[in-house]
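The values are calculated or read from the model by the stated rules, or taken from the named source; none is laboratory data. A quick note: this is a predicted structure, and the numbers were derived from the prediction, not measured. Ideal geometry is used to build each Cβ from the backbone, glycine not excepted, and the neighbour counts take in all protein chains shown.
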Amino acid sequence: MSTTLVRIRVVTALVGLAIAAAGLPAWIGTSSAAAAGAAGDGSDWSSTGLSKSSSAVTVRWDDPDDKNPGADRVPRDGRQLLPHTGGQNYDAISGSVVSQYFDYFGKDNGLGGLKMTVSQTRDLVNQSVNLDISGVKGGAPFGIPSPVSLQVFQCWGGLTDSGKPDPGAADPDPATCQVGAGDPASHGQAFALSNSRYINSDPLVPGGDWDKYFNKGGKNDVPFTALTGTKSGSTNGSDNQFFNPATTNEVSSIQVSANGTATRQFEVQTSLESAGLGCGLRRGVTSTRSCWLVVVPRVSGVLDQNGPIAPSLWAQRLQVKLGFRDIVAGCPGGQSRTLTVGSELLSIAAASWTPGLCAAKNIALGYTQLGDPVARTEFQNGAADAVLTTQPADKPAYYVPAGLSAPVIAYALSYQPNCAAQVEPYTEEQAHTCGYASVADLDADILRSGTLVRNLKLDARLVAKLLTQSYAFSIFDQEGFRRSGWMVHRPVSIAKDPEFLRLNPDLAHISPTTSSVNSLDHLVLAALRSDAASAVWDWILKDPDGRAFLNGCPDPDGLVINPFYSTRTYQGCEDQRAALAAQADADRHDTPKPASYADLPVTYPPDGSPFPLPGWQEADVQDNPPYTVFDFLPRVDSMPVAGRDVAIGYVPRSTNLCLTVLDVSCQPAPGKWTDPKSRQSGDRLGVMAITTAATAARFQLPTAQLCSSDGSHCVGADAGSLTRAAARFVDGDAPGVEKPGSTDYAAGAYPLAQPVYVGVSKTLPQAEREAYADALNYVVTTGQKPGFAPGSLPPGYAPLPKSMLAQAKAAIAALRAGSGQTSTPGSSDGPGGTQTDAPADAPSAPAGGPTAAPVTDGPQAAPQFVTLAAGTEHWPKWPLPLGLGIALIAGLAGPLIRFRNAFQIG
C-alpha cells in the first residue's frame, strides 16, 4: 500500500477544521508571526478571561516623537494627509477642533494623554482582543454625561488614487471601515448621527470626492467599500449588503471612567464573519492577511452631526495593524482526507494543530463536529477510523490522550449599582437609604459602573437553578399569558438570589432594574448532546445540595425548583415531602399548559437532550402561532456558538412574528416566531452560557469560579486547576482511558476538568496505524506547547501532565506495534523519545506587505474535506433529528470513502 493511499485514511478525529458555528469556524493556516514566546504564550489564561500575548501593542494618541510602531503612527501635523478632501492635511482642521482634542487626549492633559494597549495583534482568528485605555481627560462615572467617549471599529485597508482596493496601503481608508450600522448603545441616542456614515458639517469635505455626500441626508450616507471594490448601499437606509446592526462588530461608544480609564473587549472578524472586510487570507476568495483596528475619540459638541469617518474626526484616530491567520481549506499539497467526527472540547486546539501538522509532516486532517454519543456511534459503525472522545466507544481501540480541557460557565456582566451616579453629591442619609454604610462606600461603588465583573462565583445548586427556569424572569410574560402565583414569588434572576449574594457579597448593591441583572435568569445552552453536558450534570448530582434541589427540596431561603423540572422524589428533604409535593402538584395544576405536555417527572441526567426543556409553557397570541418555551429559550448549535453569543452580548430569543402571508419562507402557515438577533449594549451586559474553556479564552470571557456547597472553597478554570484535577483522574471503562475522580476544591482542582482522547480503531492495517502514530506524536509533543501560532496549544487548555504523556507514549507505541494497549512506555517515539516533528516555529507566511493584496484565485480544486458548520439560526425543536441526519450522511459517506483505489475526495 502506497504512502499516499495510507494517508487517505488518516483523517484523525483528533483535529478539527470545521466548528459547527456561525462566525466560529475553524480558523487554520499559516501563521502571520512567529510562535509566541513563553512570556506571552497565553498559558496564563484564567477565570478572569484575560491572558497575555507577545504581540500586544501599545499606542499613544499624542506621539510627537513617533514612538508608536511604524504601521500604527498617526501624526497630528501636516504629515497626515486626509483622504477624500482633495489633498488637505491635518493642519487644515479647524483650530478649535484641534485644541479640544489636545486638551482631552494630549500628553499634557494632566493624566498623561490617551494611551491604548491591544492585547493581541498577530495570529488572530474570530476572537476578542482586550482594549486597555488610560490617560483620558473628561471621563465620568457611568450615568453622568461625559464630554468624551471612544468609537471602535475594524477596517480592511486603503484605496489607490483611482479608488481601487489597496490592503497593503500604509494607512487604512475610512471608506473601508465597518462602521455606521451602530451597536445597541447607539440606537435612540440624541446624537445618533455621530454613529453613522453621514458627513453633514465637516468643512473639509467640500472640494473632495466625498462632496456628493456632504449634508445630503436621507440615504446619502457614505457607502462602505468592500475588499472586492464593491460599494454598499445605504447603511442608514438598511441597504448595506455587507453589514447591519446584527452583524457589525463596531462599538459606538466606550464610556471613560472618572479616572480616565476604560477596558473593553472587541470582537475581531475574519473573512468568514465579514466578507466585506475579508480579513484572513482564503484561497478563491478576495481576502487579505492584515486589517486594522481603529479607535476614534469623540468630544461632545465637536462635529456631532458627523460619523467617525468624517475627515476632521478620522484625523484624530488611533490605528493598530492586525495580522490574521490564513484560513486554509485543507492542507495545500498534502494528502486527501475522509470524514471524521469528534468532541467539541478539542475543536479549537484541533484548528491550531491541523496547519502545524500539515507544515511539519504534510498530513492533511479533517474533522466534523457532532454530539459525542453520535460521534462514538459513527466510530463504532465504521464510518470513521478515529474519534475524539472523553469516554471509550463500544469498539476495540487504541486511546491516546490528546487534550485536557473543561466546560465552563462564561459570562458578560456589566456592573450597575442600585443607586446610579448623579451630578449632585449624595448625602449620608441617601447613602444609607441605598444600603451603604457611608457616602464614601457609595461613591466607590459608583466608580465601578459599566465595568465588567470578572470574579463571579457559583455553586452546584445555583447552576441547577439556572438550568431549570427557577427564576421569575426565565418564565416568559407574553400577550395572553401572565406570570402568576408561584411564578412571581421568586427572585427575578440569580443576581437577586440570597444564596448568590452570599457567595458574591461585592454584588450586593447591583441594580435590579438593569438588563445586566434581568438577563441573568438562565444560561445560553447548546442543543448537541455532549460529554461536557454530562460532566456538568455529574458535578451537580454529586453535590448534595444541587441534587436535593433537583429532587424538589428548598434551598435555605425557601426557593424550590420550577415544579415542571422536578424529579419529584424529594430525596434530601423526606421530612417535608408531603407539603412540598402537595404545593408542587397544586402549582402545576393551576398553570395553563399546552395540550401536548405530558406531566411527568424529569430525570437527571436528562434523556435525549443535553439540558432539559419540557414544553410546559405556551401562550396563545390571537390567531397567530402559539408562543412557546422553545421560542423563549431556544438552544444554540454548539458550545462554541454559545461562547461567541456571550462575547457579542447576544441572548438568543425568538420574539419576532414572521407571517407566511408576508414571507413565504415562514412555514408552516400561518407563520413562526423568529430571532431578531439583537444584542445587548456593551455597558449593560448580562448573559451567561455553558461553553468550552478554549472558547471562553479565545473571546477573553470571564468564567465562573465553582464553589463547594458551604462556599468555603471556590476554583476557577485555568491550566493549573485542570492539571490538579487530572492528578485525581481514575481508571475509566476501557484500558488506557481515565475519567474524573472525586472533587477536591481545597486542593484547587477544577471540578469539570475532562481528558480528551483520540480513539483509533484496532482493525487498521499496519501502514495506516503508523500514519496515525506519526500524527499523534506531533499532537502530544509540539502540539502541547502553549502559544497563539498554528501548531501550538491555544489558551483554554492545560498541557498534558507527565502521567498523561506517559499514557500517550505507551498508546502510540501499541498503535505502531499493533499490540494490546499498555500503561507503560514501550517506544522511543513520543515524549522522552526521538521526535520527528517540525519545530513549533516552522516558517510561516509573512503578514502584510505585497502578499497582503486581495487574493482572487482562479478555478480551485474541490475542497479536500467537507465542512458541516451550523449557522446562527436556532431550531429548538429539531436539534436531535438534525444531528441524526448529519450522522446518517456521515455514515453513508463512510463506505463510499473506503473505495479509495477507485476515487479520492480531494
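Some points to look at:
- In the range 793-823, of all residues being part of a loop (DSSP other than H, G, I, E, B) and touching a Ser or Thr at 6+ places or on another chain (Cβ under 6 Å), the one that is surrounded by the fewest Cβ atoms within 10 Å (Cβ to Cβ) corresponds to Pro801.
- Some residue of the range 104-114 being closer than 16 Å to Leu303 by Cβ and without any contact (Cβ under 8 Å) to a residue 24 or more places away in the chain: no
- Take the conditions (1) assigned to a helix (DSSP H, G or I); (2) among the acidic types (Asp, Glu); (3) within 30 Å of Ala810 (Cβ to Cβ); Asp394 misses just one of them, which is (1).
- Screening Gly748 with (1) closer than 25 Å to Asp545 by Cβ; (2) buried (at least 19 other Cβ atoms within 10 Å of the Cβ) gives one miss only, at (2).
- Screening the range 603-623 for residues that are aliphatic (A, V, I, L, M) and crowded, with 18+ Cβ neighbours inside 10 Å and picking the one that is farthest from Asp543 (Cα to Cα) gives Ala619.
- Single residue of the range 66-99 satisfying the filter (assigned to a helix (DSSP H, G or I) and within 38 Å of the chain's Cα centre (by Cα)) that is surrounded by the most Cβ atoms within 10 Å (Cβ to Cβ): Asp72
- Residue list for the range 572-604, filter: polar (S, T, N, Q), in contact with a Phe, Trp or Tyr (Cβ under 9 Å, 6 or more places away or on another chain) and more than 17 Å from Ala619 (Cα to Cα): Gln576, Gln583
- When we screen Thr390, Thr377 for residues that are surrounded by fewer than 24 Cβ atoms within 10 Å (Cβ to Cβ) and either touching a His at 6+ places or on another chain (Cβ under 8 Å) or modelled with pLDDT of 90 or more (or both), the only hit is Thr377.
- Test: residue in the range 285-298 that is of a type in the set (Gly, Ala, Ser) and over 23 Å from Val320 (Cα atoms): no
- Just one of the listed residues (Tyr436, Tyr411, Tyr426, Tyr398) is of a type in the set (Phe, Trp, Tyr) and within 20 Å of Gly649 (Cα to Cα), namely Tyr411.
- Of the residues making up the range 209-222, those that are part of a loop (DSSP other than H, G, I, E, B) and surrounded by fewer than 20 Cβ atoms within 10 Å (Cβ to Cβ) are Asp209, Asn215, Lys216, Gly217, Gly218, Lys219, Asn220.
- Val299 meets the conditions (1) aliphatic (A, V, I, L, M); (2) modelled with pLDDT of 90 or more; (3) crowded, with 23+ Cβ neighbours inside 10 Å in every case but one. The failed one is (3).
- Close pairs from the range 675-688: first more than 11 Å from Asp645 (Cβ to Cβ), partner of a type in the set (Val, Ile, Thr), Cβ under 7 Å, at least 6 apart: Pro676/Thr655; Gly682/Val251; Arg684/Thr514; Gly686/Val517
- Restricted to the range 669-783, the set of helices (runs of 4 or more DSSP H) holding at least 1 residues that are of a type in the set (S, T, N, Q) and more than 17 Å from Ile409 (Cβ to Cβ) comprises 719-726, 766-779.
- Whichever residue in the range 280-294 is surrounded by 24 or more Cβ atoms within 10 Å (Cβ to Cβ) and more than 15 Å from Ala71 (Cβ to Cβ) and, among such residues, is nearest to the chain's Cα centre (by Cα): Gly280
- Taken together, the residues in the range 370-414 that are under 30 Å from Thr263 (Cα atoms) and of a type outside the set (A, V, I, L, M) amount to 4.
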